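FYI, it's all coordinate maths here, none of it is from the lab. As the structure is a computational prediction, the values presented were derived from the model and not from experiment.
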Ligand code: AMP
């Protein structure tokens, strides 16, 4: 049986867990793969969101996607980094959430996604929700339940 406290946690809005857009490293449509790789390496993240010029979410790009796209048969074709754009390589099939969505939905998405992009009603990027912040909340909840 689910008690009231658990139900409150699962129905809680994700708003307060979201890392705001201003603190999220991202790239834009039209950026070269070279620029994206620099952002990824400098930020230390393995994947970041891709936005358009109106700040709407278009997808995400990762180190692996970029490296895979420049793999030749016998060598890594580094020159392609400046010739190709983010939109040729990014993954556009990504889950999105809104600030008003529930923690339960975020928990489900975090099984397969290290982070989920949050958008407003107009599709404008609001921030991201990471698996780390979801796990931290689950941990705090169980610590409370166990009285530790
Ligand atoms: P974490 O759970 O903190 O390890 O974050 C999971 C993933 O979310 C990272 O590997 C990044 O792809 C992404 N991420 C987390 N924080 C940021 C940030 N400030 N800017 C861009 N991407 C981030």
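For the pair the range 61-113 / the range 1-36, the C-alpha centres are spaced 16 Å from each other.
For the chain, modelled as a GNM whose springs connect Cα atoms under 10 angstrom apart, the maximal fluctuation among 112, 63, 31 occurs at 112. With axes computed from alpha carbons, what is the tilt in degrees of helix 131-146 against the longest principal axis of the chain, rounded to the nearest 10 within 0 to 90? It is inclined by approximately 20 degrees. Against the main long axis of the alpha-carbon atoms of the chain, helix 33-43 sits at an angle near 40°. Helical content of the chain, expressed as a calculated mean residue ellipticity at 222 nm, amounts to -10500 deg cm²/dmol (DSSP H runs of 4 or more residues, -39,500 (n - 2.57) each, divided by residue number, nearest 500).
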